[in-house]
Amino acid sequence: MKVKSAYIHIPFCVKICTYCDFNKYFIQNQPVDHYLDCLIKEMKMSKTRKLQTMFVGGGTPTALDVNQLEKLLKAINNIFTITGEYSFEANPDELTLEKLELLKRYGVNRLSMGVQTFNPKLLDVLGRSHKTEDIYSAVDNARAVGFESISLDLMYQLPQQSLEDFKESLDLALALDIDHISSYGLILEPQTQFYNMYRKGKLTMPNEDVGEAMYEYLIKRMNESEMHQYELSNFGKVGHESEHNKVYWKNEGYYGFGAGASGYVNGERYTNVNPVNHYIKKIENNERPVLHATKPTRTEQMEEEMFLGLRMNQGVSISRFHKKFDISINEIFGQTLSDLLNRGLIKQNNDYFSLTERGKVIGNEVFEAFLLSV
C-alpha cells in the first residue's frame, strides 16, 4: 500500500465548543512547544517523504501563535515534499493577516474554515469563538493574500435551529467568494457538553423530519449553485474537491501524526496515544506513539470499500473491486446489491454502484447492509 497523504493533528483550542468530541484541549497552560517538538520528531520517523496531499487539523491549528505556527510549517516543508493539495483548518477569528501570509508563504493552498452557522444566536449556542463578521473578514483577507481554494464547514440539525435558519446560513455562504462547502448534521456524541445537557433534558433538538428536510434542501440548493455534490456532505466547484478526503473515501493509505491521530499504512489501521502528555512521553522514549493498531481482515476491507466508496457520488467501481480483491463484487454482495436496487436506494451506471437521492438521505441504513461480519 503506497502512502501518498498525511494528516497532522494539533489538539489545541482557544475555546471548547459545546458539540465537539474531537481530541482537543484548552490551549492555556498546555505544553504546546514541547508537543510541536515531539510532533516534528514523529514526522521524521515516516519512510515516505513525497506526498500528494497534506491536511493539518485539530483541535484548531490556527490556535497556535505566529512563532509556533512558523515552527510547524517550516518543519513540514523540511521533512516533506507536498506536490498537491495542502489544507489547513482554521477558525475565522484566528485568521489574522499575519497568519494568512505565513500559511501562504509556506505553501498551504487550501483553507478549511470552521464557520458552522452565520446565525449569531446559534454561534453562541455552539460555543464558537467567532462572530458572524469574522467570517466575512477572514474570507476577504484570505483572497487578498492569494488563497485560491477556500472551504467553509456548515452544520445543520442544531439545537434551536429552524429550517429557515439553515437556509439563510447556506445562502449567505454561497454569496461569498468561496469554492467548497462541507455540511454535516449534528450528532450528539458522549463526552460533549451538548450530550450531557440532552441527558438532563436541557437541550431540545430538531426532530428527524426537520433534519431530513435540511439535508434535502442542502442538496437541492447546492445543485442550483456553481458547486456540485461529489460526496454525501461535500460540495465543490470544478477543481476544488477535497483531494485529501478522497484518500479516506477511496480507502487508500495515509499517515496520521500527533496525539490521537489515526493512520492507515501497509494495511494497518492505527491510532496514536492520547492525551498530549502520554504522547510526549512516548516520543521522548523514542517509541512509536501508537495506542492500538489492527490489520483489517479481507472481509472488513471489502466492507470498508463499499460503505466508504458509496459516500462519493461516483460510487464504488465494480472493476476496481475485482482488481483489488480478485473476486466479483456480486459474488460477495450480490443479494445486498439486488435488495438495495429494488428498494431504489442504489443505482448502477456502467461500472459503478452509487446511492440514489433517497439513498443519500438514509445513507447509514444503506451502509449497514454491507456489514458481512454482523
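All of the numbers you see were taken from the coordinates with simple rules; none came from a lab. Keep in mind that this is a model prediction, so the values were computed, not measured.
Worth a mention:
- Segment 1-153: mean projected area of Cα convex hull, nm²: 9.0
- q = 0.09, 0.12 Å⁻¹, segment 169-324: log10 I(q)/I(0) [Debye, one scatterer per Cα]: -0.46, -0.80
- Principal axes of segment 315-368: Cα extent on each, largest first, Å: 31, 18, 17
- Flagged links, alpha-carbon separation over 23 Å, of 167/220; 50/281; 2/44; 50/71: 50/281
- Lysines with Cα under 18 Å of residue 202, excluding same-chain neighbours fewer than 8 positions away: 121
- Under 20 Å from residue 200, Cα to Cα: lysines that are on another chain or at least 8 residues apart: none
- Its residue count N fixes a reference of 2.2 N^0.38 Å for the chain, and the Cα radius of gyration divided by that reference is 1.00.
- Helical contribution to [θ] at 222 nm, DSSP H n ≥ 4, -39,500 (n - 2.57), averaged over the chain, rounded to 500: -12000 deg cm²/dmol
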